[in-house]
Amino acid sequence: MSEVQLPEGWIWKKLGKSVTINPKLSRKDIPTELQVSFLPMRMVEEVTGRFNLAETRQYGEVKKGFTAFQDEDIIFAKVTPCMENGKIAVVSGLKNKIGFGSTEFHVFRCQQDLDNKYLFYFLVQRRFRHEAEGSMTGAVGLRRVPKSFLEEYLIPVPPLPVQYQIVARIEELFSELDAGVNELKTALYRLKTYRQAVLQNQLSNKNWPTIQLDGLLQLGRNSIKTGPFGMALSKSDHRAEGVPVLGIENIGRGKFWDRNKIFITADKAAELSSYTVSEGDLIISRSGTVGEICIVPPKMEGSIISTNLIKLSLNKNVVDPQYFCYLFLGCRSVLNSVKDQCKGSTRDFLNQGILKSLDFPLPDLHFQKQIVSEIEARLSEAEAMETTIRQELVRAENLRQSILKQAFEGKLVPSTMYPSLQSEVAKVAEPDLSNYGGKADQLTLF
(Lines give C-alpha, C1' and ligand atoms only; values in the text may rest on other atoms or scores of the structure.)
Protein backbone atom coordinates (compact mmCIF):
# COMPACT_ATOMS: atom_id res chain seq x y z
CA MET A 1 0.00 0.00 0.00
CA SER A 2 3.01 2.28 0.46
CA GLU A 3 2.97 3.01 -3.29
CA VAL A 4 -0.09 5.23 -2.73
CA GLN A 5 0.59 8.96 -2.97
CA LEU A 6 -0.54 10.43 0.35
CA PRO A 7 -2.06 13.89 0.87
CA GLU A 8 0.14 16.68 2.18
CA GLY A 9 0.88 16.30 5.90
CA TRP A 10 0.46 12.51 5.90
CA ILE A 11 3.43 10.18 6.37
CA TRP A 12 4.15 6.50 6.01
CA LYS A 13 5.17 5.03 9.33
CA LYS A 14 6.00 1.57 10.64
CA LEU A 15 3.20 0.34 12.88
CA GLY A 16 5.70 -0.56 15.58
CA LYS A 17 6.73 3.11 15.82
CA SER A 18 3.20 4.25 16.69
CA VAL A 19 1.91 1.37 18.84
CA THR A 20 3.25 -0.87 21.54
CA ILE A 21 2.46 -4.45 20.59
CA ASN A 22 1.61 -6.85 23.42
CA PRO A 23 2.35 -4.37 26.22
CA LYS A 24 2.17 -5.15 29.90
CA LEU A 25 -0.56 -3.66 32.06
CA SER A 26 0.29 -0.13 33.09
CA ARG A 27 -1.25 -0.67 36.52
CA LYS A 28 0.95 -2.19 39.25
CA ASP A 29 0.19 -4.01 42.51
CA ILE A 30 -3.17 -5.37 41.41
CA PRO A 31 -4.96 -7.31 44.22
CA THR A 32 -5.44 -10.98 43.36
CA GLU A 33 -9.14 -10.79 44.28
CA LEU A 34 -9.87 -7.84 41.95
CA GLN A 35 -12.63 -8.59 39.45
CA VAL A 36 -11.53 -8.09 35.84
CA SER A 37 -13.19 -8.68 32.46
CA PHE A 38 -12.55 -11.97 30.70
CA LEU A 39 -12.96 -12.01 26.92
CA PRO A 40 -12.69 -15.36 25.09
CA MET A 41 -12.20 -15.35 21.32
CA ARG A 42 -15.80 -16.50 20.76
CA MET A 43 -17.10 -13.32 22.43
CA VAL A 44 -15.55 -11.07 19.75
CA GLU A 45 -17.63 -10.56 16.60
CA GLU A 46 -16.12 -10.66 13.15
CA VAL A 47 -15.45 -7.31 11.40
CA THR A 48 -17.96 -5.25 13.41
CA GLY A 49 -15.67 -4.60 16.39
CA ARG A 50 -18.43 -5.62 18.82
CA PHE A 51 -17.68 -7.83 21.81
CA ASN A 52 -19.41 -9.27 24.88
CA LEU A 53 -18.12 -8.50 28.39
CA ALA A 54 -20.53 -10.79 30.23
CA GLU A 55 -17.75 -12.77 31.91
CA THR A 56 -15.54 -11.63 34.80
CA ARG A 57 -12.86 -13.39 36.81
CA GLN A 58 -10.53 -12.63 39.67
CA TYR A 59 -7.17 -11.20 38.65
CA GLY A 60 -5.37 -14.01 40.45
CA GLU A 61 -7.10 -16.61 38.25
CA VAL A 62 -6.05 -15.07 34.94
CA LYS A 63 -2.80 -13.19 35.49
CA LYS A 64 -0.88 -16.16 34.09
CA GLY A 65 -1.75 -18.08 30.95
CA PHE A 66 -3.90 -15.38 29.33
CA THR A 67 -3.39 -12.18 27.32
CA ALA A 68 -3.73 -8.94 29.30
CA PHE A 69 -5.16 -5.67 28.00
CA GLN A 70 -6.72 -2.49 29.32
CA ASP A 71 -9.35 0.05 28.31
CA GLU A 72 -8.81 1.52 24.82
CA ASP A 73 -6.34 -1.18 23.71
CA ILE A 74 -7.00 -2.98 20.42
CA ILE A 75 -7.19 -6.78 20.44
CA PHE A 76 -6.34 -8.50 17.17
CA ALA A 77 -6.82 -12.24 16.58
CA LYS A 78 -3.52 -13.58 15.30
CA VAL A 79 -4.50 -17.20 14.58
CA THR A 80 -6.21 -18.72 11.56
CA PRO A 81 -9.14 -18.53 10.77
CA CYS A 82 -10.06 -15.87 13.37
CA MET A 83 -7.65 -13.32 11.91
CA GLU A 84 -8.86 -13.77 8.34
CA ASN A 85 -12.45 -13.46 9.58
CA GLY A 86 -11.73 -10.11 11.24
CA LYS A 87 -11.95 -10.70 15.00
CA ILE A 88 -10.63 -7.27 15.97
CA ALA A 89 -11.94 -4.77 18.51
CA VAL A 90 -11.17 -1.61 20.49
CA VAL A 91 -11.88 -2.77 24.04
CA SER A 92 -13.56 -0.39 26.48
CA GLY A 93 -15.83 -0.66 29.48
CA LEU A 94 -13.64 -3.34 31.03
CA LYS A 95 -14.28 -4.25 34.66
CA ASN A 96 -11.87 -2.09 36.67
CA LYS A 97 -10.47 -1.07 33.25
CA ILE A 98 -8.59 -4.38 32.97
CA GLY A 99 -9.23 -7.41 30.80
CA PHE A 100 -7.76 -10.80 29.97
CA GLY A 101 -8.49 -13.10 27.08
CA SER A 102 -7.25 -15.69 24.64
CA THR A 103 -3.53 -16.14 24.14
CA GLU A 104 -4.34 -15.94 20.42
CA PHE A 105 -4.77 -12.15 20.63
CA HIS A 106 -2.13 -9.60 19.77
CA VAL A 107 -2.68 -6.37 21.72
CA PHE A 108 -2.01 -2.89 20.31
CA ARG A 109 -1.66 0.15 22.56
CA CYS A 110 -1.57 3.37 20.52
CA GLN A 111 0.92 6.10 21.23
CA GLN A 112 0.11 9.80 21.12
CA ASP A 113 0.25 10.18 17.33
CA LEU A 114 -2.27 7.43 16.52
CA ASP A 115 -5.98 7.22 17.32
CA ASN A 116 -7.13 3.73 18.29
CA LYS A 117 -10.34 3.85 16.23
CA TYR A 118 -8.39 5.03 13.20
CA LEU A 119 -6.09 2.03 13.64
CA PHE A 120 -9.03 -0.35 14.15
CA TYR A 121 -10.57 0.64 10.83
CA PHE A 122 -7.20 0.24 9.13
CA LEU A 123 -6.69 -3.25 10.56
CA VAL A 124 -10.19 -4.45 9.69
CA GLN A 125 -9.63 -3.77 5.99
CA ARG A 126 -9.88 -6.93 3.90
CA ARG A 127 -6.68 -5.94 2.10
CA PHE A 128 -4.68 -5.71 5.32
CA ARG A 129 -6.03 -9.04 6.58
CA HIS A 130 -5.08 -10.65 3.26
CA GLU A 131 -1.51 -9.38 3.56
CA ALA A 132 -1.36 -10.51 7.18
CA GLU A 133 -2.53 -13.95 6.09
CA GLY A 134 0.39 -14.14 3.69
CA SER A 135 2.82 -13.51 6.56
CA MET A 136 1.50 -16.30 8.79
CA THR A 137 3.88 -18.91 10.15
CA GLY A 138 3.35 -22.27 11.80
CA ALA A 139 1.65 -25.57 11.08
CA VAL A 140 -1.47 -25.89 8.94
CA GLY A 141 -4.55 -25.12 11.05
CA LEU A 142 -2.54 -23.23 13.69
CA ARG A 143 -0.85 -20.54 11.64
CA ARG A 144 -0.36 -17.15 13.28
CA VAL A 145 0.54 -13.59 12.30
CA PRO A 146 4.01 -12.89 13.72
CA LYS A 147 4.63 -9.79 15.79
CA SER A 148 7.52 -8.85 13.49
CA PHE A 149 5.17 -8.48 10.48
CA LEU A 150 2.97 -6.06 12.42
CA GLU A 151 5.89 -4.02 13.74
CA GLU A 152 7.32 -3.49 10.24
CA TYR A 153 4.04 -2.87 8.44
CA LEU A 154 3.79 0.62 6.94
CA ILE A 155 0.60 2.55 7.66
CA PRO A 156 -0.51 6.00 6.46
CA VAL A 157 -0.54 8.42 9.39
CA PRO A 158 -2.23 11.83 8.99
CA PRO A 159 -2.24 14.47 11.75
CA LEU A 160 -4.46 13.51 14.71
CA PRO A 161 -7.26 16.01 13.87
CA VAL A 162 -7.48 14.46 10.40
CA GLN A 163 -7.60 10.96 11.93
CA TYR A 164 -10.58 12.02 14.05
CA GLN A 165 -12.30 13.45 10.97
CA ILE A 166 -11.70 10.23 9.01
CA VAL A 167 -13.11 8.08 11.83
CA ALA A 168 -16.20 10.30 12.07
CA ARG A 169 -16.71 10.12 8.29
CA ILE A 170 -16.32 6.34 8.20
CA GLU A 171 -18.80 5.92 11.04
CA GLU A 172 -21.29 8.22 9.35
CA LEU A 173 -21.16 6.22 6.14
CA PHE A 174 -21.17 2.87 7.93
CA SER A 175 -24.22 3.89 9.97
CA GLU A 176 -26.26 4.29 6.79
CA LEU A 177 -24.76 1.16 5.28
CA ASP A 178 -25.56 -0.89 8.39
CA ALA A 179 -29.18 0.27 8.34
CA GLY A 180 -29.52 -1.13 4.83
CA VAL A 181 -27.74 -4.37 5.75
CA ASN A 182 -30.07 -4.87 8.71
CA GLU A 183 -33.08 -4.53 6.42
CA LEU A 184 -31.60 -7.10 4.06
CA LYS A 185 -31.01 -9.52 6.94
CA THR A 186 -34.59 -8.99 8.11
CA ALA A 187 -35.78 -9.85 4.61
CA LEU A 188 -33.72 -13.08 4.74
CA TYR A 189 -35.35 -14.00 8.04
CA ARG A 190 -38.79 -13.41 6.57
CA LEU A 191 -37.93 -15.69 3.68
CA LYS A 192 -37.13 -18.46 6.16
CA THR A 193 -40.49 -18.04 7.83
CA TYR A 194 -42.13 -17.92 4.41
CA ARG A 195 -40.60 -21.24 3.38
CA GLN A 196 -41.79 -22.91 6.55
CA ALA A 197 -45.25 -21.35 6.23
CA VAL A 198 -45.58 -22.71 2.68
CA LEU A 199 -44.70 -26.22 3.82
CA GLN A 200 -46.94 -26.16 6.87
CA ASN A 201 -49.86 -24.79 4.88
CA GLN A 202 -49.56 -27.58 2.31
CA LEU A 203 -48.76 -30.46 4.67
CA SER A 204 -50.20 -29.90 8.14
CA ASN A 205 -53.66 -30.29 9.68
CA LYS A 206 -55.05 -32.27 6.76
CA ASN A 207 -57.47 -35.17 7.24
CA TRP A 208 -55.40 -37.57 5.18
CA PRO A 209 -54.95 -41.25 6.08
CA THR A 210 -51.62 -42.05 7.71
CA ILE A 211 -49.21 -44.87 7.06
CA GLN A 212 -46.05 -46.09 8.75
CA LEU A 213 -42.70 -46.47 7.05
CA ASP A 214 -42.86 -50.22 6.35
CA GLY A 215 -45.75 -49.55 3.97
CA LEU A 216 -43.68 -47.02 2.01
CA LEU A 217 -40.44 -48.95 1.46
CA GLN A 218 -39.37 -50.94 -1.58
CA LEU A 219 -39.64 -54.68 -1.18
CA GLY A 220 -36.36 -56.49 -0.63
CA ARG A 221 -33.29 -56.19 1.53
CA ASN A 222 -31.57 -52.95 2.50
CA SER A 223 -34.55 -50.70 1.71
CA ILE A 224 -33.76 -49.12 5.08
CA LYS A 225 -30.15 -49.12 6.19
CA THR A 226 -28.14 -47.38 8.90
CA GLY A 227 -24.54 -46.51 8.06
CA PRO A 228 -21.68 -48.82 9.11
CA PHE A 229 -20.59 -48.83 12.74
CA GLY A 230 -17.21 -49.17 14.42
CA MET A 231 -14.35 -50.73 12.51
CA ALA A 232 -16.51 -51.55 9.48
CA LEU A 233 -15.44 -48.12 8.22
CA SER A 234 -12.52 -46.61 10.14
CA LYS A 235 -10.29 -43.60 9.58
CA SER A 236 -7.60 -45.85 8.14
CA ASP A 237 -9.97 -46.55 5.22
CA HIS A 238 -10.29 -42.87 4.29
CA ARG A 239 -8.71 -41.69 1.06
CA ALA A 240 -8.35 -38.33 -0.69
CA GLU A 241 -10.27 -39.63 -3.71
CA GLY A 242 -12.27 -42.66 -4.78
CA VAL A 243 -15.84 -43.68 -3.92
CA PRO A 244 -17.58 -40.92 -1.93
CA VAL A 245 -18.78 -41.57 1.63
CA LEU A 246 -21.84 -39.42 2.30
CA GLY A 247 -22.28 -37.70 5.66
CA ILE A 248 -24.39 -35.08 7.41
CA GLU A 249 -22.41 -32.37 5.61
CA ASN A 250 -24.16 -33.46 2.39
CA ILE A 251 -27.64 -32.48 3.61
CA GLY A 252 -28.99 -28.98 4.14
CA ARG A 253 -32.47 -27.43 3.91
CA GLY A 254 -33.81 -30.45 2.09
CA LYS A 255 -31.13 -30.34 -0.60
CA PHE A 256 -28.06 -32.41 -1.41
CA TRP A 257 -24.80 -30.48 -1.00
CA ASP A 258 -21.80 -31.69 -2.97
CA ARG A 259 -19.10 -31.21 -0.35
CA ASN A 260 -17.64 -34.63 0.33
CA LYS A 261 -14.60 -34.88 2.53
CA ILE A 262 -14.19 -38.67 2.77
CA PHE A 263 -13.59 -41.24 0.04
CA ILE A 264 -12.74 -44.95 0.05
CA THR A 265 -11.28 -47.39 -2.47
CA ALA A 266 -13.47 -49.35 -4.89
CA ASP A 267 -12.51 -52.56 -3.07
CA LYS A 268 -13.66 -51.15 0.28
CA ALA A 269 -16.88 -49.92 -1.33
CA ALA A 270 -17.53 -53.42 -2.67
CA GLU A 271 -17.01 -54.77 0.84
CA LEU A 272 -19.63 -52.29 2.10
CA SER A 273 -22.02 -52.78 -0.82
CA SER A 274 -25.07 -53.15 1.45
CA TYR A 275 -24.56 -49.46 2.42
CA THR A 276 -24.64 -48.25 -1.20
CA VAL A 277 -27.13 -45.59 -2.30
CA SER A 278 -28.88 -45.30 -5.63
CA GLU A 279 -30.27 -42.30 -7.46
CA GLY A 280 -33.58 -41.30 -5.87
CA ASP A 281 -32.86 -42.87 -2.46
CA LEU A 282 -33.30 -40.66 0.59
CA ILE A 283 -30.62 -40.02 3.19
CA ILE A 284 -31.51 -38.81 6.69
CA SER A 285 -29.14 -37.53 9.37
CA ARG A 286 -29.43 -39.54 12.57
CA SER A 287 -27.14 -37.42 14.78
CA GLY A 288 -25.95 -33.83 14.85
CA THR A 289 -28.55 -32.14 12.63
CA VAL A 290 -31.11 -34.85 13.40
CA GLY A 291 -33.81 -35.35 10.78
CA GLU A 292 -32.21 -33.42 7.92
CA ILE A 293 -33.20 -35.20 4.72
CA CYS A 294 -32.57 -35.06 0.96
CA ILE A 295 -32.76 -37.09 -2.24
CA VAL A 296 -29.58 -38.67 -3.61
CA PRO A 297 -28.81 -37.09 -7.03
CA PRO A 298 -27.80 -39.17 -10.08
CA LYS A 299 -24.10 -38.29 -9.84
CA MET A 300 -23.87 -39.86 -6.36
CA GLU A 301 -25.12 -43.26 -7.53
CA GLY A 302 -22.93 -45.94 -5.91
CA SER A 303 -21.78 -43.81 -2.97
CA ILE A 304 -21.62 -45.24 0.55
CA ILE A 305 -23.41 -43.82 3.61
CA SER A 306 -21.52 -43.01 6.81
CA THR A 307 -22.55 -44.10 10.29
CA ASN A 308 -24.42 -40.82 10.86
CA LEU A 309 -26.93 -41.45 8.04
CA ILE A 310 -29.93 -43.68 7.41
CA LYS A 311 -30.79 -44.60 3.83
CA LEU A 312 -34.36 -45.16 2.65
CA SER A 313 -35.39 -46.70 -0.68
CA LEU A 314 -39.06 -45.84 -1.16
CA ASN A 315 -41.71 -47.53 -3.28
CA LYS A 316 -42.34 -44.77 -5.81
CA ASN A 317 -45.67 -46.29 -6.78
CA VAL A 318 -46.91 -45.41 -3.31
CA VAL A 319 -45.06 -42.27 -2.26
CA ASP A 320 -43.28 -39.46 -4.10
CA PRO A 321 -39.76 -39.12 -2.60
CA GLN A 322 -39.87 -35.31 -2.72
CA TYR A 323 -43.24 -35.31 -0.94
CA PHE A 324 -41.71 -37.52 1.76
CA CYS A 325 -38.80 -35.07 2.13
CA TYR A 326 -41.21 -32.17 2.57
CA LEU A 327 -43.00 -34.07 5.38
CA PHE A 328 -39.73 -34.04 7.34
CA LEU A 329 -39.22 -30.36 6.62
CA GLY A 330 -42.66 -28.93 7.23
CA CYS A 331 -45.32 -31.32 8.55
CA ARG A 332 -46.00 -30.45 12.20
CA SER A 333 -47.02 -33.96 13.24
CA VAL A 334 -43.86 -35.53 11.77
CA LEU A 335 -41.57 -32.78 13.09
CA ASN A 336 -43.02 -32.99 16.59
CA SER A 337 -42.80 -36.79 16.68
CA VAL A 338 -39.17 -36.77 15.56
CA LYS A 339 -38.31 -34.12 18.14
CA ASP A 340 -40.07 -35.92 21.01
CA GLN A 341 -38.69 -39.38 20.28
CA CYS A 342 -35.10 -38.44 19.46
CA LYS A 343 -34.31 -36.76 22.78
CA GLY A 344 -31.41 -38.46 24.55
CA SER A 345 -29.65 -37.95 27.85
CA THR A 346 -26.57 -36.44 26.23
CA ARG A 347 -27.41 -35.93 22.55
CA ASP A 348 -30.26 -36.56 20.15
CA PHE A 349 -30.30 -39.66 17.93
CA LEU A 350 -32.63 -40.96 15.25
CA ASN A 351 -32.82 -44.68 14.60
CA GLN A 352 -34.77 -47.13 12.47
CA GLY A 353 -37.14 -47.95 15.31
CA ILE A 354 -38.16 -44.31 15.68
CA LEU A 355 -38.60 -43.92 11.91
CA LYS A 356 -40.79 -47.01 11.73
CA SER A 357 -43.00 -45.75 14.56
CA LEU A 358 -43.87 -42.46 12.84
CA ASP A 359 -47.25 -41.88 11.19
CA PHE A 360 -46.91 -40.20 7.78
CA PRO A 361 -49.92 -38.36 6.25
CA LEU A 362 -50.42 -39.82 2.79
CA PRO A 363 -52.90 -38.61 0.17
CA ASP A 364 -53.01 -40.44 -3.18
CA LEU A 365 -49.92 -40.26 -5.38
CA HIS A 366 -51.47 -37.84 -7.87
CA PHE A 367 -52.28 -35.37 -5.10
CA GLN A 368 -48.78 -35.79 -3.61
CA LYS A 369 -47.31 -34.67 -6.91
CA GLN A 370 -49.66 -31.67 -7.04
CA ILE A 371 -48.52 -30.67 -3.55
CA VAL A 372 -44.86 -30.99 -4.54
CA SER A 373 -45.48 -28.86 -7.64
CA GLU A 374 -47.19 -26.11 -5.61
CA ILE A 375 -44.48 -26.08 -2.95
CA GLU A 376 -41.64 -25.97 -5.48
CA ALA A 377 -43.23 -23.12 -7.42
CA ARG A 378 -43.44 -20.98 -4.30
CA LEU A 379 -40.02 -21.99 -2.97
CA SER A 380 -38.40 -21.18 -6.31
CA GLU A 381 -39.71 -17.61 -5.92
CA ALA A 382 -38.16 -17.49 -2.45
CA GLU A 383 -34.85 -18.80 -3.81
CA ALA A 384 -34.77 -16.04 -6.41
CA MET A 385 -35.44 -13.41 -3.74
CA GLU A 386 -32.74 -14.86 -1.51
CA THR A 387 -30.21 -14.78 -4.35
CA THR A 388 -30.96 -11.09 -4.90
CA ILE A 389 -30.66 -10.28 -1.20
CA ARG A 390 -27.37 -12.13 -0.84
CA GLN A 391 -25.99 -10.31 -3.86
CA GLU A 392 -26.91 -7.03 -2.17
CA LEU A 393 -25.14 -8.14 1.02
CA VAL A 394 -22.00 -8.89 -0.98
CA ARG A 395 -22.28 -5.47 -2.62
CA ALA A 396 -22.64 -3.90 0.82
CA GLU A 397 -19.43 -5.54 2.04
CA ASN A 398 -17.59 -4.48 -1.11
CA LEU A 399 -18.84 -0.94 -0.57
CA ARG A 400 -17.64 -1.07 3.05
CA GLN A 401 -14.17 -2.06 1.87
CA SER A 402 -14.21 0.64 -0.79
CA ILE A 403 -14.99 3.27 1.85
CA LEU A 404 -12.06 2.07 3.97
CA LYS A 405 -9.68 2.04 1.01
CA GLN A 406 -10.63 5.61 0.08
CA ALA A 407 -10.33 6.70 3.72
CA PHE A 408 -6.74 5.55 4.11
CA GLU A 409 -5.71 7.09 0.83
CA GLY A 410 -7.13 10.46 1.93
CA LYS A 411 -9.84 10.28 -0.73
CA LEU A 412 -13.10 10.01 1.18
CA VAL A 413 -15.70 11.71 -0.98
CA PRO A 414 -19.16 13.13 -0.24
CA SER A 415 -21.85 10.65 0.76
CA THR A 416 -23.56 11.02 -2.63
CA MET A 417 -20.84 8.73 -3.95
CA TYR A 418 -22.12 5.97 -1.67
CA PRO A 419 -25.80 5.41 -2.53
CA SER A 420 -28.06 4.32 0.28
CA LEU A 421 -28.60 0.61 0.53
CA GLN A 422 -31.95 1.31 2.12
CA SER A 423 -33.29 2.51 -1.22
CA GLU A 424 -31.97 -0.68 -2.79
CA VAL A 425 -33.72 -2.83 -0.18
CA ALA A 426 -37.06 -1.42 -1.28
CA LYS A 427 -36.49 -3.05 -4.66
CA VAL A 428 -36.19 -6.52 -3.13
CA ALA A 429 -39.64 -8.07 -2.84
CA GLU A 430 -40.58 -9.68 0.46
CA PRO A 431 -42.95 -12.65 0.50
CA ASP A 432 -46.54 -12.09 1.61
CA LEU A 433 -47.26 -14.34 4.60
CA SER A 434 -50.92 -13.36 4.87
CA ASN A 435 -52.14 -16.49 3.08
CA TYR A 436 -49.96 -18.75 5.19
CA GLY A 437 -51.16 -17.78 8.66
CA GLY A 438 -47.72 -17.62 10.17
CA LYS A 439 -46.11 -15.22 12.57
CA ALA A 440 -42.34 -15.45 12.54
CA ASP A 441 -42.06 -16.40 16.21
CA GLN A 442 -44.54 -19.25 15.77
CA LEU A 443 -42.76 -21.02 12.93
CA THR A 444 -39.92 -23.51 13.04
CA LEU A 445 -37.25 -22.48 10.56
CA PHE A 446 -35.36 -24.80 8.25
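Which one is nearest to G254 (Cα to Cα) among residues in the stretch 148-207 that are surrounded by 15 or more Cβ atoms within 10 Å (Cβ to Cβ) and among the aromatic types (F, W, Y)?
Per the stated criteria, the residue is Y194.
Filtering the stretch 223-232 down to residues that are at pLDDT 90 or above and not small (G, A, S), which residue is nearest to S287 (Cα to Cα)?
Among those that are at pLDDT 90 or above and not small (G, A, S), it is T226.
Out of the residues in the stretch 296-318 that are surrounded by fewer than 20 Cβ atoms within 10 Å (Cβ to Cβ) and among the β-branched types (V, I, T), which is modelled with the highest pLDDT?
Among those that are surrounded by fewer than 20 Cβ atoms within 10 Å (Cβ to Cβ) and among the β-branched types (V, I, T), it is V318.
Can you pull out every residue in the stretch 246-277 that is closer than 19 Å to I224 by Cα, part of a helix (DSSP H, G or I) and touching a strand residue (DSSP E or B) at 6+ places or on another chain (Cβ under 8 Å)?
Correct list: I248, N250, A269, S274, Y275.
Please tell me if T210 is surrounded by fewer than 16 Cβ atoms within 10 Å (Cβ to Cβ), among the polar types (S, T, N, Q) and in contact with a Pro (Cβ under 9 Å, 6 or more places away or on another chain).
Criteria met by T210.
Return the total of residues in the stretch 221-277 being among the basic types (K, R) and buried (at least 19 other Cβ atoms within 10 Å of the Cβ).
Of the residues in that region, 1 qualify.
If you go through the stretch 298-321 one residue at a time, how many are under 27 Å from the mean Cα position of the chain (by Cα) and closer than 21 Å to P363 by Cβ?
0
Just a yes or no: is a residue in the stretch 363-380 within 30 Å of W12 (Cα to Cα) and among the small types (G, A, S)?
No, the stretch 363-380 contains no residue that is within 30 Å of W12 (Cα to Cα) and among the small types (G, A, S).
Among helices (runs of 4 or more DSSP H) lying entirely in the stretch 94-175, which contain 1 or more residues that are among the small types (G, A, S)?
By residue number, 126-134, 147-152.
Examine the stretch 392-410 for a residue that is part of a helix (DSSP H, G or I), surrounded by 15 or more Cβ atoms within 10 Å (Cβ to Cβ) and either on the phi > 0 side of the Ramachandran plot or hydroxyl-bearing (S, T, Y) (or both), and state whether such a residue exists.
There is no residue in the stretch 392-410 that is part of a helix (DSSP H, G or I), surrounded by 15 or more Cβ atoms within 10 Å (Cβ to Cβ) and either on the phi > 0 side of the Ramachandran plot or hydroxyl-bearing (S, T, Y) (or both).
Restricting attention to the stretch 354-368, report how many residues are closer than 30 Å to S287 by Cα and either of a type in the set (D, E, K, R) or surrounded by fewer than 13 Cβ atoms within 10 Å (Cβ to Cβ) (or both).
Here the count works out to 3.
Between residues in the stretch 70-88 that are within 18 Å of R143 (Cα to Cα) and residues that are aromatic (F, W, Y) and outside any strand (DSSP E or B), which pairs lie under 8 Å by C-beta distance while being six or more apart or on different chains?
Matching pairs, first to second residue: I88/F120.
The values are calculated or read from the model by the stated rules, or taken from the named source; none is laboratory data. The model shown is predicted, which means the values in this text are computed figures rather than measured ones. In this analysis, Cβ positions are derived from the backbone assuming ideal geometry, glycine residues included, and neighbour counts consider all displayed protein chains.
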